[in-house]
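Peer 1: My questions will all concern the structure given below.
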Amino acid sequence: MKALLLAGGLGTRLRPLTENIPKPMAPIANRPWLEHLIIHLRDQGVNEFVIAAHHCSHVIRRYFGDGKRFNVNITYALEPSPLGTAGAIKNAERFLNERFLVFNADIVHLPQLIPLLDFHRQHGGLATIVLTEVDDPSSYGVVEQDDSGRILRFVEKPRREEAPSNRINAGMYIFEPDVMRYIPAEREVSIERETFPLLIEKNVGVYGIVSNGYWRDMGTPARYRQVHWDALRREFPIPLKGREIQPGVFVGENVEIGSGVLFVPPVLIGDHVKIGPQAVIGPNAVIGDRCQIGARVHCAQTIVWDRSVIRDRSRLQNSIFGYRTVTPAGEVFEDSIINQFKEAVQA
């Protein structure tokens, strides 16, 4: 089975971090989120991937190539301009001649595929929309279903007391190839506003099933940080590299830790990191590979991407630092998002 990964968006709400990388390439626990997703799907039997890309597509192609390094096959459907979710699917039509999966690649969710595929086979329609349940559906498009799971309509951002359910689109779909007949070519097409209403109107069978487990849109700095804190606390059971040197503190390979360093869990330290004496790391701190953390640095509620240099006596609080950031000594960064590096992430 093939999976189409939609990775073409601009990621505007995560700027400046996404100025030079696609949003799904933002690291989660020191690996690009797209890598986590591909490996998770591969381990469930998906070995053919199509990546729909536009913004900074060369970053994805350079990192993954043809997929052989990850024991999968990857092809690319490049968008000449942003085409929307359904437009990107239509643009990849030449690669999708049998039942296929679609993932919004910037949604953090690692679904179990077998129950979803079984449900799709059983209902016999053209489309299955994977759903998630939220406490407050008033900020989302909410589905109304009958007892069989057929979706009757979407209600966009209803008042909480008027919502027909608490189920929303989780950003994953299972489609039969005939769905392409209902998507116009060579223009931007919204799957929520155009394609799904048309499929429901034509009565071709649009069904929904809830996928349990962790789900979060990582599209804002606050949500992006929260994914990390959830991962560190194991509320999101994503693999963490490194060994646990004390409860809640994970440290990678070849890490140099100076005298008097204090770790306040939860903390994740990447490979080949140097931490200066008397630094305080945590709580809620993620340090990427090959970073250098100076003496007496305080780093809390903060994510530092690979190859960054945090100089002596710097204080980092509730911030995100992009690849190869270099801070001056003694500076205070609070609620900051810094991106200095202008080249693509490399494997």
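The values are calculated or read from the model by the stated rules, or taken from the named source; none is laboratory data. Predicted model only: the values in this text are computed from it and were never measured. Please note that ligands, DNA and RNA were not included when accessible areas were found on the heavy atoms of the full protein model with its side chains. Shrake-Rupley method; radii C 1.70, N 1.55, O 1.52, S 1.80 Å.
Peer 1: Rounded, prolate or oblate for segment 1-40? Axes are the square roots of the Cα gyration tensor eigenvalues, ordered a ≥ b ≥ c, and the cut-off for rounded is a/c under 1.5.
Peer 2: Oblate, since a/c reaches 1.5 and b/c is not below a/b.
Peer 1: Please compare each pair in 23/90; 2/157; 90/202; 2/90; 68/241 to a cut-off of 24 Å on the Cα-Cα distance and tell me which ones are over it.
Peer 2: In this structure, 2/157 lie more than 24 Å apart at Cα.
Peer 1: What is the helix-to-structure angle for 113-123, meaning the angle in degrees between its Cα long axis and the longest Cα principal axis of the chain, kept from 0 to 90 and rounded to the nearest 10?
Peer 2: Relative to the chain, helix 113-123 is tipped by roughly 10 degrees.
Peer 1: Just to confirm, what accessible area per residue do you get for segment 146-220 at 1.4 Å probe, in whole Å²?
Peer 2: 54 Å²
Peer 1: Using all alpha carbons of the chain, what is the percent of pairwise distances in each 20 Å bin, ordered from the shortest bin to the longest?
Peer 2: Per 20 Å bin, starting at 0, the Cα pair percentages come out as 30, 53, 17, 0.
Peer 1: Now, a different point. Of all accessible surface on the chain at a 1.4 Å probe, what whole percent is carbon and sulfur?
Peer 2: Ligands and nucleic acids excluded, carbon and sulfur reach 43 percent.
Peer 1: What do you reckon, how do 195, 75 stack up by accessible area (1.4 Å probe), largest on top?
Peer 2: In descending accessible area the options line up as 75, 195.
Peer 1: Convert each backbone phi in segment 88-97 into a coupling constant with the Karplus relation 6.51 cos²θ - 1.76 cosθ + 1.60 (shift: θ = phi - 60°), then list the ³J(HN,Hα) values in order as whole Hz, x for Gly and Pro.
Peer 2: Here the 3J(HN,Hα) series is 5, 5, 4, 5, 9, 3, 4, 9, 10, 9 Hz.
Peer 1: While we're on this one: In square angstrom, what is the accessible area per residue of segment 40-116 with a 1.4 angstrom probe?
Peer 2: Result: 41 Å² of accessible area for each residue.
Peer 1: Still on this structure, please answer the following. Can you compute the helix-only [θ] at 222 nm over the chain? Use -39500 (n - 2.57) per DSSP H run of at least 4 residues, normalise by all residues, nearest 500 deg cm²/dmol.
Peer 2: Per the formula, -4500 deg cm²/dmol.
Peer 1: Expressed as a rounded percentage, what relative contact order does the chain have, with Cα pairs under 8 Å and six or more residues apart?
Peer 2: Relative contact order of the chain: 14 percent.
Peer 1: Working from Cα positions, state the angle (0 to 90°, nearest 10) between the long axis of helix 33-42 and the longest principal axis of the chain.
Peer 2: The helix 33-42 is inclined about 60 degrees to the chain.
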